[in-house]
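Below are the structure tokens for one structure; questions will follow.
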There are 2 protein chains.
Amino acid sequence: MARPAPLSGFPERLPGERIVEEHITATVRRVFSLHGYAGIETRAVEPLDRLVAKGETSKEVYLLRRLHADETDTTDDRTLGLHFDLTVPLARYVVENAARLQFPFKRFQIQKAWRGERPQEGRYREFLQADIDVVGADELPFHYEVEAVLVAAHALNALTGDGLPAVRIGVNNRKVSQGFYEGVGVTDVEGTLRTIDKLDKIGDDGVRAMLTDQIGLTRSQAEAALELARISGSGAEVEARVRNLGVSHPLLEEGLGQLRALVDAAEAEVPGVVTADLRIARGLDYYTGTVYETVLVGHEDLGSICSGGRYDSLATDGRRTYPGVGLSIGVSRLTSRVLSAGLMHATRSVPAAVLVAVTDEDERARSNADAAGLRARGIPAEVAPSAAKFGKQIRYADRRGIPFVWFPAGTQRERAEVKDIRSGEQVAADAAAWTPPADDLWPRVLPGPAPA
Amino acid sequence: MARPAPLSGFPERLPGERIVEEHITATVRRVFSLHGYAGIETRAVEPLDRLVAKGETSKEVYLLRRLHADETDTTDDRTLGLHFDLTVPLARYVVENAARLQFPFKRFQIQKAWRGERPQEGRYREFLQADIDVVGADELPFHYEVEAVLVAAHALNALTGDGLPAVRIGVNNRKVSQGFYEGVGVTDVEGTLRTIDKLDKIGDDGVRAMLTDQIGLTRSQAEAALELARISGSGAEVEARVRNLGVSHPLLEEGLGQLRALVDAAEAEVPGVVTADLRIARGLDYYTGTVYETVLVGHEDLGSICSGGRYDSLATDGRRTYPGVGLSIGVSRLTSRVLSAGLMHATRSVPAAVLVAVTDEDERARSNADAAGLRARGIPAEVAPSAAKFGKQIRYADRRGIPFVWFPAGTQRERAEVKDIRSGEQVAADAAAWTPPADDLWPRVLPGPAPA
């Protein structure tokens, strides 16, 4: 086998890096679970007709075909493709299992998704997502739009002690934008939203020109839309500044009330994390209420690491409609930056806290017995690969970051001993009683880059 | 959306079922980690040329193509396919990262794999595997063939208290079969092994006829091979019965020594689990030492739930050769049987131990605050969807199996109270101090079917 090169867009981790990624997923899983969200997994594939229903993303779908297919290889609606997010599978899962689920259905899902797009930093062809959603049957109260962002904020905040920079979650509400646009007489609301979404790319002048030339807004309507997009801040600030623009519309009122309630509740529970930002327009053409975007402070170039929003109709089965709200954390994007920027590291690359040395191959059973004694009490232990000189066995532990080397009783010593290879301290110990310090028991994830 | 039907061969779980599957993976992950195996994940795809290198399985590969590919859709070696096991990706990962890994490299990997084959019970198109392997650089001592099966046995044994039936792991050793065959003058060892592997399907007479007519064995050589395949039992029994056949060959001696050492060590550490079974020939044409197969006692019809073996050359990069040994637990196969046979169930379908009731929508903030107080102490809690009558809120908890309903202080009561909805007992409680019984804190997995 020639040495293979990594496949661009398909990130993989070395064992120590994987500990960091696993720590991130375990932390968000725990926070999701503490909030009562049930973990599910869906299959990796969906029929093509479901994948392309969302429109825009369809060009990025990976389709499957069998290497030796029985029939001619044609693409039709029943062709299977890999899911490109976890929302399309959720919608299908809910409709398929509606009779066996309890609503509102609160679930999290931590799985890979695939997109056949050109890879670049922060954009992958295979990536791990951690999603939470609440799905109602026919109705879904607004308070879940508050809850969902709080759960996501708690999940990300739980990682800041381990080296993750602070996060800033920006929120907007479709009702604010739509109500405001309709209040100034704009008819093509979705076209306006899609154009405002281009502000980062083409700037004020570009957006103004597009709004007037392509979407059909008057000059003053375009100015008003741009004015609205400049507003951000606390709930009270945003409410006051929007009112200052002097536009009145029932939908705008409703949206402003929701936006302020959400930002105020978030400020009380997770201060400094959530702000209103009326520039956020991504997805407002299909979301129907709150929309969320998240940046990592100091790493804004990475783009959003946690996005989502509310759909009034996530799915429907003809009989019932299923509204939903949720957010998706980009775990691969987050992990890749955390690793490349040296924001977190694992204290070692293997689980074992103890390497049990082997004095002589004929005495391996003694080493195995001591290792079993440690494991029976929850202490991860591995046995040395060979009865090499102890210096070599200690180097084996050192290279992996294993803090303790255990020397079993046998022909060379009457009682077992354990050495802390960092301090060199070596003491008599009993495999049925000795315990390492709690900090050494399992690999931990600490802030900053791995020590050289 | 019309109600979708499940896709045959792509198993999915309801939330309560997923708790059982997650319990199985968490248990084996913990045992693997306690033994010092590092968890990694590999990408879902490999280039076609690597997937077909293993030969036989190539017909089952799912290939990927982009829905709107830039170029004409041709299949060549660089076409990507979904991995059909976790061994091919491991071999590639080891060679790709050899300079950054420590050898022997002990890793576990719990991931899905895909095969485009016809689905039937116990055979899926998408399935979850839990693999452990040890990979050496240039050498891998025999004792890892013992360790690997002990780790797998401990992992499966750890589940028997939760309702998994006992497992029986059968082992054979390529060196025993090959040494024996060569000792009686057989030249086509691999052909003989592949034929012996058909015993379950075509029986003694069929195998005898194939061995003489197709593989070129004499009548007495075929009888000897069948005689060998009838031997099973403890290490000492098997050694004695093979010696009784009067065949002598250095490779047979080596293999018998290894087989006995392995079975004896296993009997000492996990009594009653591992037996030698010389009928096992699956994979002996590519494995080079020990080979493993596992049945669930009482569910032998399911086939092997944990198989593997030793390869002298798992991979090579031209400079070095990487021998490996490992086993793969079929988690999907195991979980599907555990669920369909009612062998295990989860105590509830959601994580929350407590439903915090809402007295009035205006007082939702009080409910949120009490829920936050519980979660801050690690107690999973969710807040009721609406301020319905308490009877309805209690039914919400009951339908999900949530054992406690919490009534916050507010206009209706001065102090918070908590009700155990199973006993009906309701007591005053403080969200900063009250703790549920440990057994109720998280959903647990218990033996037997879910209560009706």
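The values are calculated or read from the model by the stated rules, or taken from the named source; none is laboratory data. All values reported here derive from a predicted model rather than from experimental measurement. Glycine also receives a Cβ, built like all others from the backbone with ideal geometry; neighbour counts cover every protein chain displayed. For the accessible areas, the whole protein counts, side chains as well, though only heavy atoms, and no ligand, DNA or RNA atoms are used. Shrake-Rupley method; radii C 1.70, N 1.55, O 1.52, S 1.80 Å.
Checking the condition in contact with a strand residue (DSSP E or B) (Cβ under 8 Å, 6 or more places away or on another chain), β-branched (Val, Ile, Thr), in contact (Cβ under 8 Å) with a residue 40 or more places away in the chain and within 14 Å of chain A (Cβ to nearest Cβ), which residue from B:405, B:338 passes? Steps first, answer last, please.
Numbers: B:338 fails: within 14 Å of chain A (Cβ to nearest Cβ).
Step by step, each of B:405, B:338 is checked, and only B:405 is in contact with a strand residue (DSSP E or B) (Cβ under 8 Å, 6 or more places away or on another chain), β-branched (Val, Ile, Thr), in contact (Cβ under 8 Å) with a residue 40 or more places away in the chain and within 14 Å of chain A (Cβ to nearest Cβ).
Just one of (1) within 14 Å of chain A (Cβ to nearest Cβ); (2) in contact with a Gly (Cβ under 6 Å, 6 or more places away or on another chain); (3) open to solvent by less than 20 Å² (accessible area, probe 1.4 Å) trips up residue B:291, so point out which.
Going through the list (1) within 14 Å of chain A (Cβ to nearest Cβ); (2) in contact with a Gly (Cβ under 6 Å, 6 or more places away or on another chain); (3) open to solvent by less than 20 Å² (accessible area, probe 1.4 Å), residue B:291 breaks only (1).
Let me ask you something else. Residues in region B:75-85: is at least one among the acidic types (Asp, Glu), over 15 Å from the mean Cα position of the chain (by Cα), within 22 Å of residue A:65 (Cβ to Cβ) and more than 9 Å from chain A (Cβ to nearest Cβ)?
Going residue by residue through region B:75-85, those that are among the acidic types (Asp, Glu) are B:76-77, B:85.
Pick out the ones that are also over 15 Å from the mean Cα position of the chain (by Cα) and you get B:76-77.
Of the ones still in play, those that are also within 22 Å of residue A:65 (Cβ to Cβ) are B:76-77.
Then drop every residue that is not more than 9 Å from chain A (Cβ to nearest Cβ), which leaves B:76-77.
Yes, some residue in region B:75-85 is among the acidic types (Asp, Glu), over 15 Å from the mean Cα position of the chain (by Cα), within 22 Å of residue A:65 (Cβ to Cβ) and more than 9 Å from chain A (Cβ to nearest Cβ).
Quick check on region B:338-348: of everything there that is more than 23 Å from residue B:403 (Cβ to Cβ) and crowded, with 21+ Cβ neighbours inside 10 Å, which residue is farthest from the chain's Cα centre (by Cα)?
That would be B:343.
May I pose another question? Taking the condition of being more than 7 Å from every other protein chain (Cβ to nearest Cβ), small (Gly, Ala, Ser) and closer than 16 Å to residue A:128 by Cβ, how many residues in region A:13-44 meet it?
1
Is it the case, given these coordinates, that residue A:109 is open to solvent by 10 Å² or more (accessible area, probe 1.4 Å) and more than 9 Å from every other protein chain (Cβ to nearest Cβ)? Break it down into steps so the answer makes sense when it comes.
Working: open to solvent by 10 Å² or more (accessible area, probe 1.4 Å): no; more than 9 Å from every other protein chain (Cβ to nearest Cβ): yes.
Criteria not met by residue A:109.
Evaluate the following for residue A:247: is it in contact (Cβ under 8 Å) with a residue 40 or more places away in the chain and more than 27 Å from residue A:295 (Cβ to Cβ)?
Numbers: in contact (Cβ under 8 Å) with a residue 40 or more places away in the chain: yes; more than 27 Å from residue A:295 (Cβ to Cβ): yes.
Answer is yes for this residue.
I've got another one for you. Here are some residues: A:2, A:38. Which one is surrounded by fewer than 18 Cβ atoms within 10 Å (Cβ to Cβ) and not basic (Lys, Arg)?
Working: A:38 fails: surrounded by fewer than 18 Cβ atoms within 10 Å (Cβ to Cβ).
That would be A:2, the only listed residue that is surrounded by fewer than 18 Cβ atoms within 10 Å (Cβ to Cβ) and not basic (Lys, Arg).
Can you pull out the residues in region B:61-115 that are assigned to a loop (DSSP other than H, G, I, E, B) and within 25 Å of residue B:29 (Cα to Cα)? Before the answer, list the steps.
Of the residues in region B:61-115, the ones assigned to a loop (DSSP other than H, G, I, E, B) are B:61, B:67-79, B:83-86, B:101-104, B:115.
Residues satisfying the conditions are B:83, B:84, B:85, B:86, B:101, B:102, B:103, B:104, B:115.
Could you list, in sequence order, the residues of region A:132-152 that are of a type in the set (D, E, K, R) and open to solvent by less than 10 Å² (accessible area, probe 1.4 Å)?
A:145
For region B:259-285, what are the residues that are acidic (Asp, Glu) and within 14 Å of another protein chain (Cβ to nearest Cβ)? Outline the logic, then answer.
Our first condition is that a residue be acidic (Asp, Glu); within region B:259-285, this holds for B:264, B:267, B:269, B:277, B:285.
Once the filter is applied, which keeps residues that are acidic (Asp, Glu) and within 14 Å of another protein chain (Cβ to nearest Cβ), region B:259-285 yields B:264, B:267, B:269.
So residue A:270 fits all but one of (1) surrounded by 16 or more Cβ atoms within 10 Å (Cβ to Cβ); (2) closer than 25 Å to residue A:198 by Cβ; (3) not hydroxyl-bearing (Ser, Thr, Tyr); what number is the exception?
(2)
Among (1) open to solvent by 70 Å² or more (accessible area, probe 1.4 Å); (2) modelled with pLDDT of 95 or more, where does residue A:409 come up short?
It is condition (1) that residue A:409 fails.
Looking only at region B:152-166, count how many residues are of a type in the set (Val, Ile, Thr) and in contact with a Leu (Cβ under 8 Å, 6 or more places away or on another chain).
Residues of region B:152-166 that are of a type in the set (Val, Ile, Thr), as a first pass: B:160.
Of the ones still in play, those that are also in contact with a Leu (Cβ under 8 Å, 6 or more places away or on another chain) are none.
Looking only at that region, the number is 0.
Of the residues B:365, B:388, B:369, which is open to solvent by 10 Å² or more (accessible area, probe 1.4 Å), more than 10 Å from every other protein chain (Cβ to nearest Cβ) and of a type in the set (Gly, Ala, Ser)? Steps first, please.
Details: B:365 fails: more than 10 Å from every other protein chain (Cβ to nearest Cβ); B:369 fails: more than 10 Å from every other protein chain (Cβ to nearest Cβ).
Sole residue among the options that is open to solvent by 10 Å² or more (accessible area, probe 1.4 Å), more than 10 Å from every other protein chain (Cβ to nearest Cβ) and of a type in the set (Gly, Ala, Ser): B:388.
May I pose another question? How many residues does region A:112-131 contain that are open to solvent by less than 30 Å² (accessible area, probe 1.4 Å), at the interface with another protein chain (Cβ under 9 Å from one of its Cβ atoms) and at pLDDT 95 or above?
3
Any chance you could count how many residues in region B:341-362 are under 21 Å from residue B:434 (Cα atoms), among the hydrophobic types (A, V, I, L, M, F, W, C) and more than 10 Å from every other protein chain (Cβ to nearest Cβ)?
1
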